[in-house]
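The values are calculated or read from the model by the stated rules, or taken from the named source; none is laboratory data. Note that this is a predicted model, so its numbers are computed, not measured. Because the Cβ atoms are built from the backbone with ideal geometry, glycine has one as well, and the counts that use them run over all protein chains shown. Protein only, heavy atoms only, side chains kept; ligands, DNA and RNA dropped before computing areas. Shrake-Rupley method; radii C 1.70, N 1.55, O 1.52, S 1.80 Å.
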Amino acid sequence: QVQLVESGGGLVQAGGSLRLSCAASRSISINNAMAWYRQTPGSQREWVAVVQSGGNTNYADSVKGRFTISRDNAKNTVYLEMNNLKPEDTAVYYCKLTTYIPSGLYWGQGTQVTVSS
């Protein structure tokens with residue numbers, strides 16, 4: 001079992017920045033992918049970005065060029081740097097860990113991000 005704990009959410013004005021963190025309870029250095037998703041009330045959870053254990057990254061078009069995902073395997077932590085935030089980025093942000101060997105799927109509890117106009 002792996003526990004994921006997100007932090008760093010809050011209230012920010014449009015155009016501002018936030019950095020989210022997701023700390024895993026055990027090593028995440030190999031054979032996995034860590035991703036961020038977000039969800040607003042009444043909507044499905046939306047994929048935002050992913051980083052593989054080897055370092056490859058990918059982003060949703062809606063955040064490309066504004067958000068940066070990174071990981072520090074020594075700290076078992078993944079980050080989401082969010083710049084030029086827009087009101088439509090308001091959501092609860094969730095961290096997800098997908099392990100390949102053995103296969104597993106873990107979610108954090110979420111952190112609220114609110115962007116005011």
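Worth a mention:
- Qualifying residue in the range 1-9 (condition: more than 23 Å from ASN83 (Cβ to Cβ), modelled with pLDDT under 95 and either touching a Lys or Arg at 6+ places or on another chain (Cβ under 8 Å) or not β-branched (Val, Ile, Thr) (or both)): yes
- Qualifying positions in the range 97-114 - open to solvent by less than 30 Å² (accessible area, probe 1.4 Å) and either polar (S, T, N, Q) or touching a strand residue (DSSP E or B) at 6+ places or on another chain (Cβ under 6 Å) (or both): LEU97, THR99, GLY108, GLY110, THR111, VAL113
- One residue from ASP72, ASP61 being modelled with pLDDT under 95 and open to solvent by 30 Å² or more (accessible area, probe 1.4 Å): ASP72
- Number of residues in the range 1-38 that are in contact with an Asp or Glu (Cβ under 8 Å, 6 or more places away or on another chain), in a strand (DSSP E or B) and either open to solvent by 50 Å² or more (accessible area, probe 1.4 Å) or of a type in the set (Val, Ile, Thr) (or both): the value is 1.
- Residues in the range 39-58 that are β-branched (Val, Ile, Thr) and either in contact (Cβ under 8 Å) with a residue 60 or more places away in the chain or open to solvent by less than 20 Å² (accessible area, probe 1.4 Å) (or both): VAL48, VAL51.
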